[in-house]
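S.K.: Starting off with a structure, shown below.
Every number here is computed from the coordinates shown, using simple stated rules; none is lab data. Computed from a prediction, not measured in an experiment: that's the story for all the values here. Here Cβ is always computed from backbone atoms with ideal geometry, including for glycine, and neighbour counts include all displayed protein chains.
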C-alpha cells in the first residue's frame with residue numbers, strides 16, 4: 001500500500017500532536033491508530049507501523065530529558081528488561097488478532113488508571129534513591145503486564161506506566177515520564193521486530209509519522225522539564241477524561 005503525499009503530510013501533523021501527548025501523559029496512539037485505519041491501513045498493520053514512530057519520538061524525548069538532567073538509566077533499564085517478556089508475547093498476539101474493537105476494554109483500563117491516580121494516597125515523590133525494597137520489587141513485577149499491553153496494542157500504555165511508577169513506586173511524574181520513554185524504547189524494539197516479521201509494515205508512513213512524533217516529543221519533554229510535575233498531572237487527567245469519553249461514546 002502506497003500513501004499519497006497529502007496523507008503523509010497529515011501523518012506528520014498528527015504525529016506532532018501524538019508525540020506531545022505521549023511524552024506529557026500518554027494516549028497519542030489512540031489518536032494515531034484511528035486516523036491510519038481511516039486512511040485504509042489494516043488495523044494490525046497500523047498497530048505495527050506506529051511502533052516505528054514511537055521509537056523516533058522516544059529517542060528524542062530521552063535525549064531531551066538527559067540534557068535537562070532528568071534521568072536514571074540504571075532504573076530505566078531494569079524496569080525495561082522486566083517489561084520484555086510481556087511485550088514479546090503481547091506483540092505476537094497483536095499480529096494474530098485483527099481486533100476490530102478494543103475500545104471498551106481500553107476505556108475500562110483508562111478508568112481504572114484514572115481512579116488509581118486520583119484515589120490512591122499520594123506517595124512521597126522524588127525519592128528514587130530511598131525507595132523501599134517492596135515498592136521497587138512490585139514496580140518491576142508490574143512492568144511485566146505493562147510490557148504485555150505495550151506489545152499488544154501500545155495505546156494507553158503510557159497512562160499505565162505512569163500509574164505504576166508514580167503511585168506504586170513513588171516516583172514524581174516528570175521523572176516517571178523520563179523512565180517511561182526509555183522503557184518504551186526497550187520493549188518497542190522487540191515488539192517492532194515481531195510485527196515486521198509477521199506483517200508487511202508501511203515503513204515510509206512510519207518514518208513520516210515518526211518525524212512528527214519526534215518533534216512533538218521534543219516539545220513535550222522540554223515543556224514538562226521546565227514546568228514540573230503539576231502541569232503533567234493536569235494534562236494527564238484532561239487527556240484521560242477526553243479519551244475515556246471518546247472510547248465509550250464516540251467509537
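S.K.: What is the distance, in nm, between label points placed 7 Å from the Cα along the Cα-to-Cβ direction at residue 249 and at residue 17?
M.R.: Roughly 1.9 nm, to one decimal.
S.K.: Just want the ordering: 197, 176, from fewest to most Cβ atoms lying within 10 Å of their own Cβ.
M.R.: Fewest-to-most ranking of 197, 176: 197, 176.
S.K.: Now for a separate question. Could you list 182, 249 in order of exposure, starting from the residue whose Cβ has the fewest other Cβ atoms within 10 Å?
M.R.: 249, 182
S.K.: Next up: Quick check on the exposure proxy: order 78, 188, 64 from fewest to most C-beta atoms within 10 angstrom.
M.R.: On the way: 78 14, 188 26, 64 21.
Lowest count first: 78, 64, 188.
S.K.: I've got another one for you. Give me the one-decimal nm value for the distance between modelled label points at residue 234 and residue 4, 7 Å along each residue's Cα-to-Cβ direction.
M.R.: Calculated label separation equals 4.0 nm.
S.K.: Within 10 Å, count the other beta carbons around each residue, average over each peptide in 134-140, 49-55, and list them highest first.
M.R.: 49-55, 134-140
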